[in-house]
Amino acid sequence: MKKYWTEKVNVEFETGDEATDNYLKWICFQPILRRIYGCSFLPYHDYGKGGRGWRDLWQDCLALLIMDPSNVRQMIVDNYGGVRIDGTNATIIGNKQGEFIADRNNITRVWMDHAFWPFVTTRLYLDQTGDMDVLFEKVPYFKDLQSMRGTAHDKLWNSEYGQKQKTERDHIYFGTVLEHILLQNLCAFYDVGEHNEMRLHGADWNDALDMAWEKGESVAFTCAYAGNLRNIAKTLRQLEEISGSSKIEIAHEMEDLLAGSVELYEDAARKQALLAGYAKKCEHNISGDTIVVRLDQLAANLEGKADWMMKNIRANEWVKDGEDGWFNGYYDNHGRKVEGVMDESVRMMLTGQVFAIMSGTATEDQVESICRSADKYLYDQKAGGYRLNTNFHEEKFDLGRMFGFAYGEKENGAVFSHMAVMYSNALYQRGFAKEGNKVLQALLDAAMEFDNSKMYPGLPEYFDNQGRGLYAYLTGAASWYMLTMITEVFGVKGDCGDLKIAPALMPEQYNQNGKAVLKMTFAGRNFEIIFYNKEKKEFDQLKIQKAACDGKALEITAERCTILSKREIQMLSVKETHKIEIELV
């Protein structure tokens, strides 16, 4: 039994600290435990009825892609069957893969961040495998009573219709995975409030921002979707280059969503009307007709939308604090900016900064400024690192129930592991590795202080005011922590099936001999990747001198980057462990 569970974790880190390496094993095991326990199973998980939600589904896939990718392809394809034709989705996973329930408690509700996550996971799958064909798999759409993006009911629908979207000819409609991705993100682009940022609806990632349905807006996830649109465009260009395909088919109704005028983008009311018109056309059945679009034109359309969103956010949402500043992340139900330097208090939330940095919305100077502001207003070493928000000193029920919690508890200013890890990941992606490492280390130190954290080994959902770790498996933090360690800290990541290695290890992450090791599986092959930094220099002072796989020299593509191509990987034995050695000077 011990052997069975030990072998479930096929990722190993060797740094300068054995205790940390052992603890990272537990973090890698945690996503497996979450899949077993669901979200609300353990005694102090004090809400819900068990099972996993939409967001959890896609977060767990991140870990599976690293550890056990064999069944992930079908899982990803099946999961897209939960998307509605209006770009929203069912929120609860049924008993079987590809089975969905509108909502656990039959509440009609839309979380505006839900459409963001599927492409993030799918993009990782594409990079890990190079399998572009998955984008052309045909999948149905989910159908139920809910329509018009959660604002109305389809009065013609009943249980006899079934839970799959049909055409006017009474056939189940199947669209490609790529069509599902485009639909989710394009609908979100038009679903804006009066400030031309995306409507908050029932909540975003922070479920407790649930009381601003009418006028609430999430600038945080407007940044996130802007990053998605840019990355989808990149994927379309790679698809054309790799597959030779220059065109794709999409549902005829989607043509409305491909409008490309800046005048339209700047007019929130026109955008809302366009989306309402599209949703009305699709309220019951759709035509079943398709149109053909060119990939290069589609990519340019998405890039235009992303660029406009980022420019708009930089112009209107930057909060100044002397020489520094950060991004306003939300509007409340009175249509007021939530963050800024107020008379009574400084109001800053971490989520908006994470996605501004990760998406590329924040300029390099702005990232530096955000880091200083986060250190000044959100960092609390005793609490476990970066808090989710500053103390607003009010029960702000025109934004969400989070402000009913005492400050430092749950979503109101606790250190939320998931968002903290994503902050670290975003910083690493933008080249701010020292700042990113500080975030990871603070979480690890807080969790490993067992006299204080009083928790099972792993990462909790959050640390309370006393530093206790709560909700042991109710978090996507473990998947993101493992992903960040592998793809950013050790710098080992896929790129359309190629294996790229660009380490950003800190000097203290090498052992006393200047050696660090990562053992993992990639494309069905086992690798032991060894980094040598004998002088233990800072990462930004290093370049790769030599790189080899099983003694054969690898191409060095940049100062700190080497590559093992998909073709070279396919020639390697699946039975042996292959040694990649990288010398840094």
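Just so it is clear, none of the values below were taken in a lab; they were calculated from the coordinates. Since we're looking at a predicted model, the values are computed, not measured. Cβ sites come from the backbone with ideal geometry, for glycine too, and all protein chains shown count toward neighbours.
Over the chain, what portion of Cα pair distances is larger than 43 Å, expressed as a whole percent? Kindly include the intermediate steps, with their values, before the conclusion.
Values: 28812 of 170820 pairs.
The answer is 17 percent, as a whole percent.
How much of the DSSP beta bridge set in the chain is antiparallel, as a percent to the nearest 5? Kindly include the intermediate steps, with their values, before the conclusion.
Numbers: 64 of 73 bridges.
Around 90 percent of the beta bridges assigned by DSSP in the chain are antiparallel ones.
Using the Karplus equation 6.51 cos²θ - 1.76 cosθ + 1.60 (θ = phi - 60°), what ³J(HN,Hα) coupling, rounded to whole Hz, does each residue of segment 398-403 give in order, writing x for Gly and Pro?
9, 10, x, 5, 4, 7
From the backbone phi of segment 90-97, what are the Karplus-calculated ³J(HN,Hα) couplings (6.51 cos²θ - 1.76 cosθ + 1.60, θ = phi - 60°) in whole Hz, Gly and Pro given as x?
Running phi through 6.51 cos²θ - 1.76 cosθ + 1.60 with θ = phi - 60° gives 5, 9, 10, 8, x, 6, 10, 4 Hz.
Tell me which residues come under 5 Å, amide H to amide H, from Thr290 once H is placed; ignore anything under 5 positions away on its chain.
Placed amide hydrogens put His252 under 5 Å from Thr290.
Can you sort Tyr471, Tyr423 so the residue with the fewest Cβ neighbours within 10 Å comes first? Before the final figure, lay out each step's value.
On the way: Tyr471 18, Tyr423 28.
Ascending number of Cβ neighbours within 10 Å: Tyr471, Tyr423.
Please list, ordered by chain and number, the residues whose modelled amide H lies under 5 Å from the amide H of His578; skip anything fewer than 5 residues away on the same chain.
Asn526, Phe527, Glu528
Please list, in chain and number order, the residues 5+ apart from Gly385 or on another chain whose amide H is under 5 Å from its amide H, with Hs placed from the backbone.
Long-range HN contacts for Gly385: Asp380.
Which aspartates and glutamates does Lys575 reach when only Cα atoms under 20 Å apart count, and residues fewer than 8 places away in its own chain are ignored?
In chain and number order, the partners are Glu7, Glu12, Asp68, Asp498, Glu528, Asp550.
Can you sort Arg109, Arg347 from fewest to most other Cβ atoms within 10 Å of each residue's own Cβ? Spell out each step's value before the answer.
Working: Arg109 18, Arg347 22.
Ascending Cβ contact count within 10 Å gives the list Arg109, Arg347.
For His180, His201, His284, what ranking results if the residue with the fewest other Cβ atoms within 10 Å of its Cβ goes first?
Values: His180 28, His201 25, His284 17.
Placing the least packed residue first, the sequence is His284, His201, His180.
Given contacts defined as C-alpha pairs under 8 Å and at least six residues apart, what's the relative contact order of segment 257-337, whole-number percent?
Details: 29 pairs, mean separation 18.7, N = 81.
Relative contact order for segment 257-337 comes out at 23 percent.
Note down the relative contact order for the chain as a percent, whole number, built from C-alpha pairs under 8 angstrom at least six residues apart.
Values: 1208 pairs, mean separation 85.8, N = 585.
15 percent.
In terms of Cα to Cα distance under 27 Å, which lysines are near enough to Lys537, apart from those fewer than 8 places away along the same chain?
Reachable lysines: Lys25, Lys434, Lys438, Lys493, Lys500, Lys515, Lys519, Lys546, Lys552, Lys579.
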